[in-house]
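The values are calculated or read from the model by the stated rules, or taken from the named source; none is laboratory data. On a predicted model such as this, the values are computed, not experimentally measured, just so you know. Cβ: placed from backbone, ideal geometry, glycine included. Neighbour counts: every protein chain shown. Heavy atoms of the whole protein, side chains included, go into the accessibility calculation; ligands, DNA and RNA do not. Shrake-Rupley method; radii C 1.70, N 1.55, O 1.52, S 1.80 Å.
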Amino acid sequence: MLKKYIWVFFISMVPLIELRGAIPYAVLFQLPLLPSYIVAIIGNMLPVPIIFLFARKVLEWGADKPIIGKFFTFCLEKGKKGGEKLKAKAGRGLFFALFLFVGIPVPGTGAWTGTLAASLLDMDFKSSILAVMCGVVLAGIIMGVASSGLFGALSLAF
């Protein structure tokens, strides 16, 4: 069972998959939801401060390198585009917008992208980390409810 929790932890750290994939994995393998939820949140939040503090610098450094330049430029442009869109919609409510951006579980709007966007928008470290964490908690609740309902219905059907 510990092995499955370790998988939940590492799945939740993977960009684009994050907690949105870790919680359905836990539900699918019939792990208790609350401990799985806590492990997934910790795994999803662990890279967030590192992303906020260093990702922008690394991406800017690598944008002009021969092999990695295109990918790094793509990441910078995606982050800036997402950040500007978020800023345009939010205005002064940027904290709440970042919270919803991370909290509504659709592809490409997780903690990694939200943190990168906050970094590129020069948001305050504490408020952006708090907004991302609240968003991760909300996304976890949504995914837990959705996964339990979906897999519960499938198990009854088959």
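Working from Cα positions, state the angle (0 to 90°, nearest 10) between the long axis of helix 94-103 and the longest principal axis of the chain.
Tilt relative to the chain: about 40 degrees.
Relative contact order, percent, of the chain when contacts are C-alpha pairs under 8 Å separated by at least 6 residues?
27 percent
Counting only heavy atoms of protein chains, what accessible area per residue, in Å², does the chain have with a probe of 1.4 Å?
58 Å²
Among the listed pairs 3/57; 85/126; 70/126, which have their C-alpha atoms separated by more than 26 angstrom in this model?
Pairs exceeding 26 Å: 3/57; 70/126.
Cut-off 10 angstrom, C-alpha nodes, Gaussian network model of the chain. Which of 20, 56, 92 fluctuates the most?
92
Would you mind working out the magnitude of the charge dipole of the chain relative to its Cα centre, with +1 at each Lys and Arg C-beta and -1 at each Asp and Glu C-beta, to the nearest 20 Debye?
My answer is approximately 160 debye.
Sum up the charges of everything whose Cβ sits under 14 Å from the Cβ of residue 73, counting Lys and Arg as +1 and Asp and Glu as -1, but leave residue 73 out.
+3
If you fit an axis through the alpha-carbon atoms of helix 111-120 and take the longest principal axis of the Cα set of the chain, what angle between them do you get, 0 to 90°, nearest 10?
Roughly 20 degrees, rounded to the nearest 10.
Add +1 for every Lys or Arg and -1 for every Asp or Glu among the other residues with Cβ under 12 Å from the Cβ of residue 115, and state the total.
0
Nearest 500 deg cm²/dmol is fine: what mean residue ellipticity at 222 nm does the chain get from its DSSP H runs of n ≥ 4 alone, each adding -39,500 (n - 2.57), divided by its residue count?
-24500 deg cm²/dmol
So how strong a dipole does segment 5-90 carry about its Cα centre when Lys and Arg Cβ are +1 and Asp and Glu Cβ are -1, to the nearest 20 debye?
360 debye
Treating segment 1-91 as a set of equal point scatterers at the Cα positions, no solvent, please give the Debye-formula log₁₀ I(q)/I(0) at q = 0.20, 0.25, 0.26 Å⁻¹.
Relative scattering, expressed as log10 I(q)/I(0), comes to -0.91, -1.08, -1.13.
Given the options 118, 68, 41, identify the residue whose Cα lies farthest towards the positive end of the charge dipole of the chain (+1 on Cβ of Lys, Arg; -1 on Cβ of Asp, Glu).
68
Restricting the calculation to Cα positions, tell me the Rg (one decimal) and the Dmax (whole number) of segment 56-107 in Å.
13.5, 39
Return one number: the angle in degrees, 0 to 90 and rounded to the nearest 10, between the long axis of the Cα atoms of helix 2-13 and the longest principal axis of the Cα atoms of the chain.
30 degrees
First select every other residue whose beta carbon is under 15 angstrom from the beta carbon of residue 143; then total the charges, Lys and Arg +1, Asp and Glu -1.
Details: positive: 20; negative: 18.
Once all neighbours under 15 Å are counted, the net charge is 0.
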